[in-house]
Structures are given as C-alpha cells and as structure tokens.
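Contents: one structure, followed by commentary.
Read the figures in this text as sums done on the coordinates, not as results from a lab. For clarity, every value in this text was computed on a predicted model and none was experimentally measured. In this analysis, Cβ positions are derived from the backbone assuming ideal geometry, glycine residues included, and neighbour counts consider all displayed protein chains.
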Amino acid sequence: MTLTDKPIPTPTRWHILGAGAMGCLWACAMHSRSVPEAHTGAPVTLLLRNRAALSSYPGHITCSDLPQSLNVPARTVCHDSGTTTDVINNLLVATKAQDTMAAIASVSSQLAPDSRLVLLQNGLKVQQELSRLYGTARVFCLSTSQGAWLREPFNVVHAGDGDTWLGQLAPASAETPAPLQRLLDMLPAQQLNIRIDNNIGDRLWRKLAINCAINALTVIHDCRNGELLHLPDARQTLTALCNEISQLLPEIAGAPAMPDLSAQVQHVLTVTADNVSSTLQDIRRGRATEIDHLNGYLCNLAAQQHLPCPVNQSVLQQMRVIESQALRA
Ligand code: KPL
C-alpha cells in the first residue's frame, strides 16, 4: 500500500524529533493520512536539532511513495533559537537510540503532563528508561520492519513495505488497552501497516537479539548482511553469538526465551541479504552507532547477573575500536 491510499480524516498535530529516513517517512505518512488531496498545511512539525539543520531544510519532504513533495513546517529544538514555543501533545521520536535521551530533554519544557511519547528506537534501553521517567501510560513503543533510506537530506525512499507493531511496556494482557487503540486511530495505520502488539516487550527483545547477532558482525567483516552466511570466519562467530544469546535470554528478567534464534537470524540474513546493516551504514558515514543499545546493553545485563558473555564482549570491544577510528576519520 502506498502512503496516499485510504486516508482517514481527523488531523492531529504530531511533532517529529529526528529527520532521518524514518522521521521523514513517518512525516509523509502522517501528513498524507490527514490531508491526502492537498499536500499542504501539514499537521506535522519536524523538530530539527539546530539552526544549521533548519537552514538546510528546503521547506518540504520528498517521498518516493508520493506524487509531489509535502510542505512540512520545521522548527529547531535548540534552546537558543527562540522558536521552540509550541506545546507538544504528540511526539514521535525517530532519533537514533544513542541520541534519544538528549533529544527528548531538549523539548521537555514543551511537553504537557499528558503528552504522548511514541518511540521508534532499536533496542530496549531508551524505552525502559523513558517508561520509568514518564510512566508507562504515556510512553508507546513501535517496532518496525518498514525499510527507508535517504537519497539526500529530506528526500526519503520508502524501500520496503514491512510491518509495524505498537505497544506499551506494561505487563502483557490479552485485552488491548483503550489508549493503545486511541493512539492507533491517530497514526497512519494503513500506510505503514501498524498493528497493536499486547506484548511489545517480547517483540523488541526478539529484534534486539537478532540485531545483536547481525549488526556488529557486518561491521567487523565490512559486508552486506547475506555475506555473513558465506564467510567462514563470520559464520563461526555468528553461530557462537547466537548460542551465547540464546543461553543468556532465559536468565534475564523480562526477556523471552529464543531457542530458535539461530534459525531466525538465518532467515533475516536471507531476506535482507543485500542490505547494508544500519550499524555498518553508521560506520561508513563516520557516525556513532547504536552498539551500546545492542551488544553493549546485553553485556551490561549479563554483568549485573554475573553471567559470562565472552563472544558478545569480544564483538563489543572490536566494535569500539572500529567505531572510534570511524569517528576520527
Ligand atoms: O535491523 C537491521 C539493521 O540493519 O539494523 C537488520 C535486521 C540487520 C536488517 O539490516
């Protein structure tokens, strides 16, 4: 389904923190959901990190799914800019995991006591921290397999029509709580295949486990996902990582058991064989990676329980060296 299909009226203003591929894709999906016929007057405000980002913003976002660019207003979240006065009732956070806490802190004075925070990050660390800080009732988590990349800043290619799951880190229940259903009605559910998951914690854990097995290894071997199945050294470490993670998960409070992790990882590597993992993309662009929210997070939890995890530790150390070289380059 493309972003213009099946619009639902009732615009609701969203503020979006983070104007990477996901932030731009969601801005377009939300905008086209609300005003499909007139690609103006967007009910979305992009929050950009500083004046330089604001001055590079052409005033619109281009998306491969849409016939014309969308005019989306933008503001900076820089405290010195004097432009950050709107009250934010609905905030979609599309920043990288490692930037999220600082990004949310920079808009905290604009949040109302009942504002919703909707998180798109990988891992579980920021979801857990923000649920603790703001309360699980206000914090919503998304897990998505939608594919998107930026052709250039603010020009997004919607590359893969995946699924998106929405939930809260409250104890799992068979019934969908009303706030989740209300939120789903405000989101571009059809454009981005969004469905409710009453146990989003398990889903985020499973994605985290898969990312811990794949992402750093693609950096260490500087290869596309599918090559991990064919390079003998990579294959060996992949098997060791999957075994170690499968053994750790049942020992960690709140994590689901994944005895079939190895098979799941092989499946993901096969269907995403041509992908450059998000972590390798960060390294190639000289950017900080999410490693502290992936293998770093897992190693910390293991250390808290005095559980050894030598394979993850070794991968983490190699990543730290490669990352510091990439950041210096
Ligand atoms: O989620 C991914 C990522 O790159 O972060 C995988 C599943 C590895 C696909 O590339």
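Below, the figures for the structure above:
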item	result
Built amide H within the under 5 Å cut-off of residue 198, gap 5+	none
Cβ charges +1 (Lys, Arg) and -1 (Asp, Glu), total dipole of the chain, debye	560
Helix axis angle, 232-248 relative to the chain longest principal axis, alpha carbon, degrees	80
Environment charge at residue 282 (Cβ cut-off 11 Å; Lys +1, Arg +1, Asp -1, Glu -1)	+2
Estimated vicinal HN-Hα couplings, Hz - the stretch 181-186 in sequence order (Karplus 6.51, -1.76, 1.60; Gly, Pro = x)	5, 4, 5, 4, 5, 9
10 Å Cβ shell holding at most 11 others, DSSP loop, GluC sites (Glu not before Pro): longest site-free stretch of the chain	176-329
Hz values of 3J(HN,Hα) by residue in the stretch 210-215 - Karplus curve (6.51, -1.76, 1.60), Gly and Pro given as x	5, 5, 5, 6, 9, 4
Karplus-derived HN-Hα couplings along the stretch 264-276 (A = 6.51, B = -1.76, C = 1.60, θ = phi - 60°), whole Hz, x at Gly and Pro	5, 5, 4, 4, 4, 5, 6, 7, 10, 3, 8, 6, 8
Quotient of Cα Rg and 2.2 N^0.38 Å for the chain, N being how many residues it contains	0.99
Cα long-axis angle, helix 295-304 against the chain (0 to 90 degrees, to the nearest 10)	60
Sum of -39500 (n - 2.57) over DSSP H runs of 4+, divided by residues of the chain (222 nm, nearest 500)	-13000 deg cm²/dmol
Long-range amide H partners of residue 88 with built H, under 5 Å	111, 112
Rg and Dmax [Cα atoms of the stretch 175-324; Å; Rg one decimal, Dmax integer]	16.7, 50
Fewest-first ranking of 293, 230, using other Cβ atoms within 10 Å as the exposure measure	230, 293
Three-way shape call for the stretch 14-198 based on the alpha-carbon gyration tensor, with the a/c threshold at 1.5	oblate
Sequence-distant residues sharing a close amide H with residue 63 (under 5 Å, placed H)	70, 156
For the stretch 140-213: rounded, prolate or oblate by the Cα gyration tensor [a/c cutoff 1.5]	oblate
